[in-house]
Amino acid sequence: MEEKKRKIIRKLLAISLAVVLSLFTLYGVACLGAQYQIKHWKYWYPYYEKIDIEPLLDKAERTEEDYATLYAQTGLTEIGIEDTLAQWNGKKTVLRIQDSYFQDVYIYREYVAGVMCQESMTSVATLAHLQDGDVLVTAATTVSWWRWGHSAIVVDAARGLLVESTQIGSNSRCNPTSVFVDRPNFMVLRPKVDAEVKRQVADFAKQYLVGLPYDFTAGILSKKKAVPLKGTQCAHLVWYAYKQFGIDLDSNGGLLVVPQDIANSPYMEVVQVFGFHPQGLWR
């Protein structure tokens, strides 16, 4: 009887040890994936000469060639240029954007939740003029082998506020839009829908999508359009807000929506690019 008990104990210990070793192995593989992503991902910054763009900004009307030059010099598209110039001190803002576009970039990395790594710059970029309902995306977050990225929705442009869901163990919340300015890359995207709809989407996100637990599997282990919504992640939050108003920002329509899906949505137009290749974007 005693020998039988010892055999059972030895068997349980062997199983426990195998489980522990397996978990350590999986964690090690996951860490290797993060290191691989860090080593092989290439951020893009201008390799050409910075020029004086003030004469183009001072023109009463700009040509397609002017906008192409300004895009190459600032990362601002036509709508980004015109919308920013229309604001108070807009010209100075565009020039600051150009300065940040050509700045030297030094990147550091921080593990924020297990094998989730966030990359940041020691310097900061300057954002274009934002509107309620604009979406910000970045590829500067990895989850092991996956360059997951991050996204958020602007809910109060006048006060510089967005809503985002950041990581496991934290709830979605309002943060300043400045949380994106030290990312090594980002895009400002504007859904091609009526301004009033975008304001309604922003109000919905502010009212109903704050305080939700982070759920990496939203859409897989729970319904993508669950009502009430009990958990979300960054891209799902943005998608869910717009989906309430009949706009599907998920470019591939899968169960899981990720920031890259939103970046490639046909509903989106680019306002500003930083750290992404200006032609390739995030495809």
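Looking for something open to solvent by 20 Å² or more (accessible area, probe 1.4 Å), in contact (Cβ under 8 Å) with a residue 24 or more places away in the chain and not charged (D, E, K, R) - is there at least one such residue anywhere in the stretch 202-210? There is at least one residue in the stretch 202-210 that is open to solvent by 20 Å² or more (accessible area, probe 1.4 Å), in contact (Cβ under 8 Å) with a residue 24 or more places away in the chain and not charged (D, E, K, R). Filtered by the rule that a residue be open to solvent by 10 Å² or more (accessible area, probe 1.4 Å) and closer than 16 Å to Val112 by Cα, the stretch 161-201 gives Thr166, Gln167, Ile168, Gly169, Ser170, Asn171, Val179, Asp182, Arg183.
Keeping to the stretch 63-84, report how many residues are more than 17 Å from Met187 (Cα to Cα) and either polar (S, T, N, Q) or open to solvent by less than 40 Å² (accessible area, probe 1.4 Å) (or both). Counting residues in the stretch 63-84 that are more than 17 Å from Met187 (Cα to Cα) and either polar (S, T, N, Q) or open to solvent by less than 40 Å² (accessible area, probe 1.4 Å) (or both) gives 4.
Evaluate the following for Tyr240: is it at pLDDT 95 or above, open to solvent by 30 Å² or more (accessible area, probe 1.4 Å), under 20 Å from Thr166 (Cβ atoms) and of a type outside the set (D, E, K, R)? Answer is no for this residue.
Might you let me know whether the stretch 145-159 holds any residue that is under 13 Å from the mean Cα position of the chain (by Cα), surrounded by fewer than 20 Cβ atoms within 10 Å (Cβ to Cβ) and of a type in the set (Gly, Ala, Ser)? Among the residues of the stretch 145-159, not one is under 13 Å from the mean Cα position of the chain (by Cα), surrounded by fewer than 20 Cβ atoms within 10 Å (Cβ to Cβ) and of a type in the set (Gly, Ala, Ser), which makes the answer no. Counting the residues of the stretch 162-201 that are without any contact (Cβ under 8 Å) to a residue 24 or more places away in the chain and farther than 18 Å from Gln272 by Cβ gives 3.
The residues listed here are Ser265, Ser251, Ser222; of these, the one that is open to solvent by less than 30 Å² (accessible area, probe 1.4 Å) and small (Gly, Ala, Ser) is Ser265.
Look at Val124 and say whether it is modelled with pLDDT of 95 or more and either open to solvent by less than 40 Å² (accessible area, probe 1.4 Å) or under 23 Å from Pro278 (Cα atoms) (or both). Yes.
The values are calculated or read from the model by the stated rules, or taken from the named source; none is laboratory data. Note that this is a predicted model, so its numbers are computed, not measured. Cβ coordinates were reconstructed from backbone atoms using ideal geometry, including for glycine residues, and neighbour counts include every protein chain displayed. What goes into the accessible areas is simple: the full protein's heavy atoms, side chains included, and nothing from ligands, DNA or RNA. Shrake-Rupley method; radii C 1.70, N 1.55, O 1.52, S 1.80 Å.
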